[in-house]
1. Name every residue in the range 127-140 that is farther than 18 Å from residue 224 by Cα and modelled with pLDDT under 85, in order of residue number.
2. Inspect the range 76-87 for any residue being surrounded by fewer than 13 Cβ atoms within 10 Å (Cβ to Cβ), polar (S, T, N, Q) and without any contact (Cβ under 8 Å) to a residue 40 or more places away in the chain and give the result as yes or no.
3. Can you find a residue that is modelled with pLDDT of 85 or more and surrounded by 18 or more Cβ atoms within 10 Å (Cβ to Cβ) anywhere in the range 202-209?
4. Residue check, residue 259 against (1) part of a loop (DSSP other than H, G, I, E, B); (2) open to solvent by 60 Å² or more (accessible area, probe 1.4 Å); (3) modelled with pLDDT of 90 or more, all met but one. Which one?
5. For the range 269-281, which positions are assigned to a helix (DSSP H, G or I), under 15 Å from residue 120 (Cβ atoms) and open to solvent by 10 Å² or more (accessible area, probe 1.4 Å)?
6. Pull up the range 223-256, narrow it to residues that are in a helix (DSSP H, G or I) and polar (S, T, N, Q), then point me to the one that is farthest from residue 131 (Cα to Cα).
7. Residue by residue through the range 12-27, note down the ones that are within 13 Å of residue 60 (Cβ to Cβ), touching a residue at least 24 places away in the same chain (Cβ under 8 Å) and part of a helix (DSSP H, G or I).
8. For the range 142-174, name all the residues that are part of a loop (DSSP other than H, G, I, E, B), under 18 Å from residue 236 (Cβ atoms) and either touching a Leu at 6+ places or on another chain (Cβ under 9 Å) or basic (Lys, Arg) (or both).
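The values are calculated or read from the model by the stated rules, or taken from the named source; none is laboratory data. What you see is a predicted model; the values in this text were computed from it and never measured. Glycine gets a Cβ as well: all are built from the backbone with ideal geometry, and neighbour counts include every protein chain shown. Surface areas here come from the heavy atoms of the whole protein model, side chains and all, with no ligands, DNA or RNA. Shrake-Rupley method; radii C 1.70, N 1.55, O 1.52, S 1.80 Å.
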Amino acid sequence: MYKTTLEQWYLLDAVVNEGSFALAAEKNNRSQSSLSYQLGLLQQRLGLTLLQQEGRRAVLSAEGHQLLAQVRPLLEGFGALEAQANALQRGERSRIDLMVDATLPKPLLFDVLQTFQQRYPHVRIWFSEIVRSETPDRLAEHQADLWLVAQYGDTPLAGESLMSVDFVAVAHRDHPLHRESAPLNAATLARWPCITILDRQQQQQSEVNGDQAENWSFTTLSAAIEAVQHQLGYGWLPEQNIAALLESGELRPLPLLQGRRRSSSLVMHINEERLPGNSAIAALAQMFIERWRPGRRADKQQNSVVYALSRGEHSNLSF
């Protein structure tokens, strides 16, 4: 059996944080005598003095500093465990399946996920990355809780428009295209492979149909960027993802006659079937809206709809 309890270490941490026995006892709805007894028992069983008085404040001894530093991760972990248990008791899932388009700027994405982790430490994120051509199939499968995907095809996606991703036509600074006379027309471009991003199924279909015969296709954005870096061809790449390469001059924009820049809209789509009773999904969706719209919160009607759905109330979700 253990000599000490998690509760005793928690009370010790509370005294240190509050600076006094009285404040710690009040915050934890205990009498001061009960708290003092537990901490006295903790020190007695360890045979160490963990607290000492400095004026009116209770501070840790050297041994107390060392031991409490090792215990705090356990306290945080136990708190997360109980939070997860409470969420499960309420019927909430312990993870969110998030599907994201590869062109979405990762610094913005991870800023949101870091904030979410701090507020919902008991909820895990299962992250999947897709390319734009996969969007219709992945949405049809309905296997995620939340999608941040690119508009694809002529049919508008149902969801919340978050941002526009700009694509710029580029080639390596030493690629022969940069030695051609500007502006570059379609005939000039046709002499060199265009680097495209397609999912595997679309690659196979293009081969059957004979489409894009002169293009080189890759199934990941990172591979497409590296292909352009290695002068295998030119391509329209998301500007934010290649910002460092543009700044260093390794990749240079192509002086096209027309079509130097393209854009694609990124849309957030919520799986309505999984939203009832899962406030974490609604919270994450709200964080994305606020992060991609600086200084602006989602409108009142949208907030009420998402909140109602997360509580299991009937509503039609339309943005």
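1. Passing the criteria: 135, 136, 137, 138, 139, 140.
2. Yes; the residues of the range 76-87 include at least one that is surrounded by fewer than 13 Cβ atoms within 10 Å (Cβ to Cβ), polar (S, T, N, Q) and without any contact (Cβ under 8 Å) to a residue 40 or more places away in the chain.
3. no
4. Only one criterion is unmet by residue 259, namely (2).
5. Within the range 269-281, just 279 meets the criteria.
6. Just the residues of the range 223-256 that are in a helix (DSSP H, G or I), to begin with: 223-229, 239-248.
This time we only want the ones that are polar (S, T, N, Q), so: 229, 240-241, 248.
Values: 229: 20, 240: 16, 241: 14, 248: 26 Å.
Applying the filter and picking the extreme gives 248.
7. The answer is 12, 13, 15, 16.
8. Initial filter on the range 142-174 (part of a loop (DSSP other than H, G, I, E, B)): 142-145, 151-159, 173-174.
If we keep only those that are under 18 Å from residue 236 (Cβ atoms) too, we end up with 151-153, 173.
Result: 151, 173.
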